[in-house]
């Protein structure tokens, strides 16, 4: 089942005896588990009928003992096994999985990795449990996910603002949600979130960020690029060089791809570059006017070279701090 389908069923009070939640992305697992923890039972019922167990501190027998109890003054009880990947005897729950109590809602949270479901335990889960694999989002999916999340909070967000948040916070959705909640708390319902709101409430500068540096490089605007580089150098902890290089390499890789797609349709260009909107395509097309194929290849080679330096390769021989490496790197790209 999908994340949306599970939440929809929970909202309809349609509960299943077993939920097995596994995968690398913790956010979706926590969201489903929290929803069950807070919605199956009333506040008064939870005292006697809700149990939370941690895998590291327990074994399968403890889980089974709790799961096989009958609820008190309630039609259901809830047992949540958190950090199930830490339980050595997890697969010994197979016997219970095969014949679960219909009056128990058992939630198994197996974080940080996918469980192989080809084992006997996995086959038992397939036959008797709701299984959800929590997969991380790709980089190009985070902006759209941010827009969808804020929409659930009755807020809109401009595409460039969503991408700004995605670029700086990455694909860790728990971290992203913590920052988005600041917007939900501080902005009135119906607000369209702009980069100014992002700067005010999340702390990401609307003028000094990697997107503005990309634009400056695309336009070959030396003054603006140097101004941003100086800001990054003065705030090095917030703008580590390896992260900046990764973003710029991705940016110039798309410019390079577009060199071969000049005559393709806009739809095909968006698909190839994995862009969500023509809004972002305009900037890449502008960059083509200032970077031919040779210039783009040179920029990519410069970024590869400085990526190695930023990670310690040849770093001793250069003896330069990250700020100086960044200035030199940007100069070479622009010239």
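Return yes or no: is residue 173 crowded, with 19+ Cβ neighbours inside 10 Å, closer than 27 Å to residue 110 by Cβ, touching a residue at least 12 places away in the same chain (Cβ under 8 Å) and outside the structural domain of residue 292 (by TED's automatic domain parsing)? Steps first, please.
Numbers: crowded, with 19+ Cβ neighbours inside 10 Å: yes; closer than 27 Å to residue 110 by Cβ: yes; touching a residue at least 12 places away in the same chain (Cβ under 8 Å): yes; outside the structural domain of residue 292 (by TED's automatic domain parsing): yes.
Yes; evaluated as a whole, the condition is true for this residue.
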Looking at the stretch 185-228, which of its residues are at pLDDT 90 or above, assigned to a loop (DSSP other than H, G, I, E, B), surrounded by fewer than 18 Cβ atoms within 10 Å (Cβ to Cβ) and more than 22 Å from the chain's Cα centre (by Cα)? 188, 189, 190, 191, 219, 220, 221
Residues of the stretch 250-284 classified as outside any helix (DSSP H, G or I) and modelled with pLDDT under 90, total: 4
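Name every residue in the stretch 21-41 that is farther than 12 Å from residue 105 by Cβ and touching a strand residue (DSSP E or B) at 6+ places or on another chain (Cβ under 6 Å), in order of residue number. Please lay out each step first, then the result.
Quick first cut of the stretch 21-41, residues farther than 12 Å from residue 105 by Cβ only: 21-31, 34, 38.
Once the filter is applied, which keeps residues that are farther than 12 Å from residue 105 by Cβ and touching a strand residue (DSSP E or B) at 6+ places or on another chain (Cβ under 6 Å), the stretch 21-41 yields 21, 22, 23, 25, 26, 28, 29.
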Tally, over the stretch 1-48, of residues that are farther than 19 Å from residue 101 by Cβ and over 25 Å from the mean Cα position of the chain (by Cα): 6
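It is to be established whether one or more residues within the stretch 296-311 are at positive phi, under 28 Å from the mean Cα position of the chain (by Cα) and at pLDDT below 90.
We begin by selecting, within the stretch 296-311, every residue at positive phi; these are none.
Scanning the stretch 296-311, I find no residue that is at positive phi, under 28 Å from the mean Cα position of the chain (by Cα) and at pLDDT below 90, so the answer is no.
Please state which one of 244, 261 is buried (at least 19 other Cβ atoms within 10 Å of the Cβ) and out of contact with any strand residue (DSSP E or B) (no Cβ under 6 Å at 6 or more places or on another chain).
Values: 261 fails: buried (at least 19 other Cβ atoms within 10 Å of the Cβ).
Unique residue meeting the criteria: 244.
Condition check ((1) surrounded by 13 or more Cβ atoms within 10 Å (Cβ to Cβ); (2) closer than 19 Å to residue 210 by Cβ; (3) in contact (Cβ under 8 Å) with a residue 40 or more places away in the chain) across all residues:
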{"residue": "256", "(1), (2), (3)": "yes, yes, yes"}
{"residue": "270", "(1), (2), (3)": "yes, no, no"}
{"residue": "283", "(1), (2), (3)": "yes, yes, yes"}
{"residue": "307", "(1), (2), (3)": "yes, yes, yes"}
{"residue": "331", "(1), (2), (3)": "yes, yes, no"}
Some residue of the stretch 22-39 being touching a residue at least 40 places away in the same chain (Cβ under 8 Å), closer than 16 Å to residue 133 by Cβ and in a loop (DSSP other than H, G, I, E, B): yes
Looking only at the stretch 176-222, which residues are free of Cβ contacts under 8 Å to residues at least 12 places away in the same chain and closer than 12 Å to residue 330 by Cβ? 221
Enumeration of residues in the stretch 4-37 that are loosely packed, with under 15 Cβ neighbours inside 10 Å and touching a helix residue (DSSP H, G or I) at 6+ places or on another chain (Cβ under 9 Å): 11, 13, 14
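The values are calculated or read from the model by the stated rules, or taken from the named source; none is laboratory data. Every value quoted in this text rests on a predicted model; they were computed, and no experiment measured them. Cβ atoms come from the backbone with ideal geometry, glycine included; neighbour counts cover every protein chain shown.
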